[in-house]
Structure formats: structure tokens, C-alpha cells
Amino acid sequence: VNAALFQAQKMESIGQLTGGIAHDFNNLLSVLASGLEVLNMQRASNADARTFDSMRRAIDRGATLTQQLLAFARQQPLQPELHNVNRLITGFESVLRRAGNASIEFDIALAPSLPSTVLDRARFESALLNLVVNARDAMPEGGKLLIRTNAVSLKQQEVSGLAAGDYVKVSVCDSGSGMSPETIRRAFEPFFTTKEVGKGTGLGLSQVYGFIKQSGGEVVIKSELGKGTEISIYLPAVHGSDEVDEDKTETVLIVED
Ligand code: ADP
């Protein structure tokens, strides 16, 4: 509980800091942009036009960057709705597959019957994409990637951080590099990355973790160096909301004569 609280507070401080800087920077950029417009109207020669254009483009780029920072900093309120994770994964499958590459064997194994759960669809999809991208990055030479769903009943203390009860479990498994115990320990920290500069931001898993905790769930990492990684998301099941996949259910027809 303390670790989760610490994590949430850290994310909040980083969000506030980033948001504050981005906001002020954006104000400075708009002062520059309007100043530039005034000068542009008074320009003496055509040669100046190119200079003005490149300055304006630089300002536009700066504005785009600050928008992205603001989007990260703003703790967007969640839009929780009742969803069946099997259906969300199926609907998002083509995007997930595109995130892999040719040398990765990609499989999806959905539970034949799965209760629904309350979550924000867009955030769930981006969490899943984050996990798939990480799995892909862990297998530069290729390997196996499996997304699996299961309905599970947990006993007290079975998964630390979760009360006993019914959950929907979504796992992303890969046969990649695996993580050292130190990496596992720090994986949810914002900005923690082992990837080279420009490749990793270290924000993926911290966002997954924050979102799943906000949704009442838990994220569990199982990983072994050189063997692979399984990252599992647990989300509270909503009772009486099971969706049965008709294709996977045997229908017994009783013919009465
Ligand atoms: P990023 O992917 O930008 O580095 P993340 O927060 O998503 O940021 O991941 C943090 C770190 O956790 C990664 O740099 C990597 O070391 C480790 N990691 C995450 N997923 C996996 C995985 N499937 N296999 C091996 N290592 C992983």
C-alpha cells in the first residue's frame, strides 16, 4: 500500500511539474509568435521571409511539444464503463498485431467465458499496446508473444494488493530477454528504462500501473532473465456479466418427440 501511494504521489508531482513548465513555456511561445507576426508585417526584404518562416515553424514545433507534455501531465479523468475484455482485445487485435514484427509468433488465447469489468476502454487499449510493444522490444531476434485472458477466483493474500474475489486476468507473455530482479523492482517507476536513449521513455509501465490501480486492479510481473516475461493485469469481475463465446461452447440439442 505504501509503495502504491508513493508511486501515485510521485506521478502526481511529476505531472504538476511537467504541466507547470509546459504551460508557462506555451505562454512564452505565444508571445514570440505574436511578436513575429508584427515584425513580419514590417519586413523590408524578401530574404527576411525565409527567416520568418523558419522561426514560425520552430514556434509551431515548440507548441506541439508543449501540447504533448500537457497531455501527459493532465491526469485525464477516466471514463469507466462496463466492458468485456475479450471483446476489447478482439476489436483491437489488428493494431496489436501491427505492433509486433515478422519474426514474432503472435497468439491470442481468450477464455471461452469471461465476466465483464469496469474500465476506461481507450486507457485499457493503450495499456495493452504498451505491454505488447515492451514484449516486442524484448525479442529483437524474434520469439513468441501470447495474450491470454482468464477468469480467476483469488483467495485472500493470493495476489498481494488484491482482496479475495473474482477477477479478469489478462496476461501478455513473451519469450524474450526477461528482466533482472532490479529491473522488476523498478519497472513501474516513471522514467525508469533500460532502453537506449530515444527508444524508451520509461513511462509505459508506470502508466499501465497507475491506470490499473485506479481501476481497482493490480499488475503482476513474472520474469526470468533469458527466458521471458509474463505481465498480468487483474481487474475486478462484475458478477452476472459473463459473456460466453458461442463458437467455443458445445450446444446440446435435446430433441423431444
Ligand atoms: P520503456 O518501455 O520506455 O523502457 P516501460 O515503463 O514500459 O518503459 O518499461 C520499463 C522497463 O521495464 C523497460 O526499459 C525494460 O527494461 C523493462 N521491461 C518492460 N517490459 C519488459 C518485457 N516484456 N521484457 C523485458 N523487459 C521489460
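How large is the dipole of segment 16-174 about the Cα centre if only Lys and Arg carry +1 and Asp and Glu carry -1, each at its Cβ, rounded to the nearest 20 debye?
140 debye
Arrange the following residues from fewest to most other Cβ atoms within 10 Å of their Cβ: Met41, Met179, Met11.
Least crowded to most crowded, the residues run Met41, Met11, Met179.
Once the other residues with Cβ under 10 Å from the Cβ of Glu81 are scored (Lys, Arg +1; Asp, Glu -1), what is the net sum?
Around Glu81, the charge tally is 0.
Which FRET efficiency value, to the nearest 0.05, is calculated for Asp166 and Glu105 with the Förster distance at 30 angstrom and r the Cβ-Cβ distance?
For R0 = 30 Å, the calculated efficiency reads 0.45.
Can you compute the modelled spin-label distance between Lys10 and Phe52, with each label point 7 Å from Cα toward Cβ, in nm?
About 4.9 nm, to one decimal.
What does the extension gain come out to for Glu224 and Lys155, with contour length at 0.36 nm per residue minus their alpha carbon separation?
The Glu224-Lys155 span can extend by a further 22.3 nm.
Please give the contour-minus-distance gain from Arg43 to Arg121: 0.36 nm per residue of separation, less the Cα-Cα distance, rounded to one decimal in nm.
23.0 nm
Where a number appears in this text, it was derived from the coordinates with a stated rule and is not lab data. Bear in mind the structure is a predicted one, so any value in this text is a computation, not a measurement. Because the Cβ atoms are built from the backbone with ideal geometry, glycine has one as well, and the counts that use them run over all protein chains shown.
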